[in-house]
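The values are calculated or read from the model by the stated rules, or taken from the named source; none is laboratory data. What you see is a predicted model, and the numbers here were worked out from it, not measured in a lab. Cβ: placed from backbone, ideal geometry, glycine included. Neighbour counts: every protein chain shown.
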Amino acid sequence: MFRAGVVTIYVSDMDRAVQFYTEALGFALKERYGNHWASIDGGPGLTIGLHPATAEVPAGRQGSIALGLYLSQPIAEAVKTLTSRGIAFTGPVINDDGMLSLAFFTDPDGNSLYLAEMSQSYK
């Protein structure tokens, strides 16, 4: 039925958002239409859509979105790499009974993102 999806994130500054998602996180820019829209390749089946904030949908409204990123490497390595790129995590890596490890951070508008590493037995 479905082959892919897009998560739309409302941002206050398109240039800053594109820079964060491409340079800090390392995703590829698929397309950009000025300050009206940008598509970021989030990996197989995921597109991250960046849209300018409006009066009706402001940027970074807490709790309005959380983007989870599944990892292909240990979470400690990913945290180290992203920290070196200027990303500040909101706390230590959380380990949920050995099933899942999570690390939380935000984008420049305060939108919530998290890294997720599943344990080998749950992959």
Take the residues of the stretch 83-123 that are small (Gly, Ala, Ser) and touching a residue at least 40 places away in the same chain (Cβ under 8 Å): which is surrounded by the fewest Cβ atoms within 10 Å (Cβ to Cβ)? Gly86
Scan the stretch 44-64 and give yes if some residue there is over 26 Å from Ser12 (Cα atoms) and without any contact (Cβ under 8 Å) to a residue 60 or more places away in the chain, otherwise no. yes
Requiring at least 2 residues that are more than 20 Å from Phe105 (Cβ to Cβ), the strands (runs of 3 or more DSSP E) wholly within the stretch 1-94 are 5-11, 28-33, 37-41, 46-52
Being modelled with pLDDT of 95 or more and aliphatic (A, V, I, L, M) narrows Ala4, Ala59, Ala17, Ala55 down to just Ala17
I need a count of the residues in the stretch 26-47 that are touching a helix residue (DSSP H, G or I) at 6+ places or on another chain (Cβ under 7 Å), among the aliphatic types (A, V, I, L, M) and closer than 17 Å to Leu115 by Cβ. 1
Among the candidates Leu50, Leu29, Leu46, Leu67, which residue alone is surrounded by 13 or more Cβ atoms within 10 Å (Cβ to Cβ), in contact with a Ser or Thr (Cβ under 6 Å, 6 or more places away or on another chain) and under 23 Å from Arg3 (Cβ atoms)? Leu29
Tally of residues being under 11 Å from the mean Cα position of the chain (by Cα) and among the polar types (S, T, N, Q) across the stretch 42-74: 1
Looking at (1) at pLDDT 90 or above; (2) over 14 Å from the mean Cα position of the chain (by Cα); (3) under 14 Å from Leu113 (Cα atoms), which one does Glu77 not meet, given that it meets all the others? (3)
